[in-house]
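Working notes, structure below.
The values are calculated or read from the model by the stated rules, or taken from the named source; none is laboratory data. In this text the structure is predicted, and so the values were computed from the model without any measurement. In this analysis, Cβ positions are derived from the backbone assuming ideal geometry, glycine residues included, and neighbour counts consider all displayed protein chains. Please note that ligands, DNA and RNA were not included when accessible areas were found on the heavy atoms of the full protein model with its side chains. Shrake-Rupley method; radii C 1.70, N 1.55, O 1.52, S 1.80 Å.
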Amino acid sequence: MMKNCIRIFIAAVLLALPVVFTACSSDDGPRVPKGPEAFEYQWELAGTVIAQGTAAEKRAALDAEEEINAILVASFRAKTIEGATVSVDSVKQIFKVVGSDADSNDDVVRGVYYSAKADLKKAAAKGLPKQATISIKRDNTFIIKQEKLRD
């Protein structure tokens, strides 16, 4: 009788092993390939408002700010990032990069900014106050941090 109990116990353990290994596996569902990662960047102009001045000076500052935004939009739309897609929203002052990795994209963003820097400074000189700055960030990481637009 004892032999039969041991055999039944061993048989039950052997039958239960596949269920135990399946339940303890780290893969709970079918493997779904991870899609490309999306990175959102935002640019922000600060210190561009003229509190005191003529209407013409205030209008010139607004025009300069619009021109800076247009330069950034054109620069980011023109740049192709290898293996990634770029979309720009000029109203929200953001652009998205889908694909590649964060460090590579950050380097490309810096490159685009520095290649457009001369045009940005020309536009800023048309009416922005000397304290005007620009920042570009991804999440809470600054790519360009409060860089002066005028010398």
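Residue farthest toward the positive end of the dipole of segment 99-139, with Cβ of Lys/Arg at +1 and Asp/Glu at -1: which of Gln131, Val112, Gly99?
Of the listed residues, the answer is Gln131.
Show me the ranking of peptides 129-142, 65-78 by mean Cβ neighbours inside 10 Å, starting with the highest.
Numbers: 129-142: 14.9, 65-78: 17.3.
Going from most to least packed, we get 65-78, 129-142.
Among the listed pairs Lys79/Lys145; Lys96/Lys130; Lys117/Lys137; Lys96/Lys126, which are separated by more than 25 Å between their Cα atoms? Please list the in-between numbers first.
On the way: Lys79/Lys145 21 Å; Lys96/Lys130 30 Å; Lys117/Lys137 16 Å; Lys96/Lys126 29 Å.
Among Lys79/Lys145; Lys96/Lys130; Lys117/Lys137; Lys96/Lys126, the Cα-Cα distance tops 25 Å for Lys96/Lys130; Lys96/Lys126.
Taking only protein heavy atoms into account and a 1.4 Å probe, give the accessible area per residue of segment 68-151 in Å². Don't skip to the end; give the middle numbers.
Working: 4550 Å² over 84 residues.
Roughly 54 Å² per residue, with all protein chains present.
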